[in-house]
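Enquirer: I'd like to ask you about the structure that follows.
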Number of protein chains: 2
Amino acid sequence: MRLDHAQLRALCAVVREGSFERAAAVLHVTPSAISQRIKALEDRVGRLLVQRTSPARATSEGQILVRLAEQTALLEHDALSRIGIDAEHLPRSSIPVAVNHDSLETWFPEATVLFARSATASLDLHVEDQDHTAELLRRGEVLGAVTTLAEPVQGCQIHALGSIRYVATCTPEFHARYFSKGVNAGSLANAPVLVFNRKDDLQARHARRLAGNDTPLQPPVWWIPSTRAFVHANLAGLGWTMNPLPLVRRHLEAGRLVYLRQRVYEDVPLYWQHWKGDVQGMEILTRAVTSASVALVRKRR
Amino acid sequence: MRLDHAQLRALCAVVREGSFERAAAVLHVTPSAISQRIKALEDRVGRLLVQRTSPARATSEGQILVRLAEQTALLEHDALSRIGIDAEHLPRSSIPVAVNHDSLETWFPEATVLFARSATASLDLHVEDQDHTAELLRRGEVLGAVTTLAEPVQGCQIHALGSIRYVATCTPEFHARYFSKGVNAGSLANAPVLVFNRKDDLQARHARRLAGNDTPLQPPVWWIPSTRAFVHANLAGLGWTMNPLPLVRRHLEAGRLVYLRQRVYEDVPLYWQHWKGDVQGMEILTRAVTSASVALVRKRR
């Protein structure tokens, strides 16, 4: 069985744009042409490939073909570029990559800039919780991921990057009010805490460590799913929380924030995993990611 | 029919924490007690209330009861606080609120801080695209929302807040490279553009306006779903994009960024919608939201 590449491109466009109409606009054809191509591809492979929801989504079989199409597009882009076709005449291409939130807010933007300096493709970044980016890689929705998963995903190469260092901080006034008698189970159960979202268990883990036991505490919680709003609320004294050290270092130095307990850290190790295929863009990206990740904490061997 | 409030609290905890285990930890009971309460509640109302997925989700019937439970908790919290019970003896309570991404990155953190000054409850913020926050309100997952929807959601009060002002910016070098012969359909089709995510159509809309026609352009796209990484990439010259004016004003003043075309804006009007119930916390929150929103652009009448 051979696949029709116009049909594959239509599938890719629908899944990435989320609708038949937008896919049509991007590919400069009518929505009905898109619909016919998807239908023809589904008939050919005998599988439902797209859920006609809003936004449209690939089925698990569809995702496998999307991944194939993206890998093919990258290889094609790569080949044309290697035989000297000018960047502006190359087909538009972007590498889908999953990045955890705190990386995207700290060291990863520099990787994007380093990548842009030598690559002709662009990046299609997806933000996810650090324990969930590997899932996007496994499902074929992305070709590379910054992840906490130390085991290589099938078909992927893995590079250890170092760790994001988290520190528990609050304002000096907050510390005086809640922790003047010590940071323990009693005070931690009363002190309000800022938590990013339901997937964020850093604070709860750290509190158990500070309390020295495994009883879950139930402090008042502020749920604030934005890094900027998070630091703002921390500085305004709404609660204590875990922040990536690079984001709060200058506040600690200026005394606007203090450590809950002096220099206690949680280091979260990160890995770069990417599809093994021979794509020039991926090599450039891997170099950019490992270069930019020098901002992370490296363990001594 | 009367409902058992311990069962309602169990339902609420499961939906908010996403699992029976975490709900159990929060309510200091065993997972099996949680499971029994949910089952009993489902038997009582004769409806499936929780999808046993990971994370666990409320069915649409379940969401109606979750909303009831949250409203009840707020009213109870309110009553106890009004009869003079000390803050630290009040039941933990937080108001679920949906906020669009750019508000959370600009003016909304100040609303959080203003709210914290007078309220005894905390906030449970959910971040969503500005065109989708109203949906969370409609589904009863939140009791208040910052939204672009000008029509009140059923049972809700609406307040016009003003508009977020967006400007199209790039570096002076980028402007010289791509737009030296003018900002038009031809140059806009070639100049790389930064887009937040699939729901973000601001750039495409603005490009059509600048090009003066409705043909969809197909420029190279960098997808960057983080405000900080977005501004970083804009400053590094990876592409042009639409930014909230408050985020880039100082870069424009310092000449690190320039307007694509002098002082052309897109104003996106925002509304605060909240449940009408008589809850003190909600009044405080509405005051905080309207005060903090002075940072938005107000139309002259």
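Enquirer: Mind sorting A:HIS77, A:HIS232 by how few other Cβ atoms lie within 10 Å of their own Cβ, fewest first?
Expert: With the fewest neighbours first, A:HIS77, A:HIS232 line up as A:HIS232, A:HIS77.
Enquirer: When the dipole is taken about the Cα centre of the range B:1-92, and only Lys, Arg (+1) and Asp, Glu (-1) are charged at their Cβ, what size is it in debye, to the nearest 20?
Expert: 300 debye
Enquirer: Quick test of the membrane-span-like rule: which DSSP H helices of chain B reach at least 27 Å along their long axis (C-alpha atoms) with mean Kyte hydropathy at least -1.0? All intermediate terms of the calculation are to be shown ahead of the outcome.
Expert: Values: long enough: B:60-82 (33 Å, -0.12).
Going by DSSP H runs, the hits are B:60-82.
Enquirer: Of B:TYR178, B:VAL289, A:TRP222, which is farthest on the positive side of the dipole of the protein assembly as shown, counting Cα position, with +1 on Lys and Arg Cβ, -1 on Asp and Glu Cβ, and the Cα centre as origin?
Expert: B:TYR178
Enquirer: When a footprinting reagent is the concern and you count Cβ atoms within 10 Å, what order do A:ARG263, B:ARG82, B:ARG57 take, fewest first?
Expert: A:ARG263, B:ARG82, B:ARG57
Enquirer: Follow-up question, since we're still on this one. Which net charge results for the neighbourhood of B:THR169, defined as the other residues with beta-carbon distances under 14 angstrom from its beta-carbon, given Lys and Arg at +1 and Asp and Glu at -1?
Expert: +3
Enquirer: Give me the aspartates and glutamates in straight-line cross-link reach of A:LYS181: C-alpha distance below 19 Å, same-chain residues under 8 apart excluded.
Expert: Answer for A:LYS181, where 19 Å is the Cα cut-off: A:GLU173, B:GLU88, listed by chain and number.
Enquirer: Let's see if you can work this out: charge +1 on each Lys and Arg Cβ, -1 on each Asp and Glu Cβ, no other charges. What is the dipole magnitude of the protein assembly as shown about its Cα centre, in debye to the nearest 20? The partial results should precede the final answer.
Expert: Details: 72 positive and 60 negative charges, 132 e Å.
The calculation lands at about 640 debye.
Enquirer: OK, next. Taking a cut-off of 16 Å between Cα atoms, list the aspartates and glutamates near A:LYS39, but don't count ones fewer than 8 places away on the same chain.
Expert: Reachable aspartates and glutamates: A:ASP4, A:GLU21, A:GLU61.
Enquirer: Bin all alpha-carbon pair distances of the range A:171-239 at 5 Å intervals from 0 and give each bin's fraction as a whole percent.
Expert: Result, from short to long distances: 4, 17, 27, 27, 18, 7, 0 percent.
Enquirer: Now, a different point. Where the label is 7 Å out from Cα toward Cβ, how close does B:ARG2 come to the same position in every other copy, in nm, shortest first?
Expert: Label point to label point, same position, other copies: 7.6 nm.
Enquirer: Next question. Which residue is it, in chain B, that holds its beta carbon closest to the axis of the B-onto-A rotation, and how many whole angstrom away?
Expert: B:ARG228, 4
Enquirer: Only counting other Cβ atoms within 10 Å, I'd like B:LYS199, B:LYS181 sorted with the fewest neighbours first.
Expert: B:LYS181, B:LYS199
Enquirer: Summing -39500 (n - 2.57) over the DSSP H runs of n ≥ 4 in chain A and dividing by its residue number, what mean residue ellipticity at 222 nm do you reach, to the nearest 500 deg cm²/dmol?
Expert: -13500 deg cm²/dmol
Enquirer: Output the direction-averaged projected area (hull surface divided by four) of the convex hull of the alpha-carbon atoms of the range A:183-301, in nm².
Expert: With every direction weighted equally, the projected area is 10.1 nm².
Enquirer: Other chains' Cβ within 10 Å of A:123-129 residues: what's the mean?
Expert: 5
Enquirer: Here is a further query. Using only the alpha carbons, work out the radius of gyration and Dmax of chain A in angstrom.
Expert: 23.1, 73
Enquirer: I would also like to ask the following. Taking the DSSP beta bridges in the protein assembly as shown as the whole, what percent of them are antiparallel, to the nearest 5?
Expert: Taking every DSSP beta bridge with both residues in the protein assembly as shown, the antiparallel ones total about 65 percent.
Enquirer: Would you mind getting me the FRET efficiency between B:ASP267 and B:ALA79? Use the beta-carbon distance for r and R0 = 41 Å, nearest 0.05.
Expert: Computed FRET efficiency for B:ASP267 and B:ALA79 comes out at 0.50.
Enquirer: Now for a separate question. Using the alpha-carbon centroid of each, what span in Å lies between the range A:187-207 and the range B:189-216?
Expert: First find each Cα centre; the distance between them is then 40 Å.
Enquirer: Any idea what Rg and Dmax come out to for the protein assembly as shown if you just take the C-alpha atoms, in Å?
Expert: Rg and Dmax of the protein assembly as shown, Cα atoms, are 25.1, 79 Å.
Enquirer: Note down, for the range A:1-153, the three equivalent ellipsoid semi-axes (square root of 5 times each alpha carbon gyration tensor eigenvalue), biggest first, whole angstrom.
Expert: Equivalent-ellipsoid dimensions as semi-axes: 27, 21, 14 Å.
Read the figures in this text as sums done on the coordinates, not as results from a lab. Only a predicted model underlies this, so the values are computations on that prediction, with no experimental measurement involved. Note: ideal-geometry Cβ built from the backbone for every residue, glycine included; neighbour counts use all protein chains shown.
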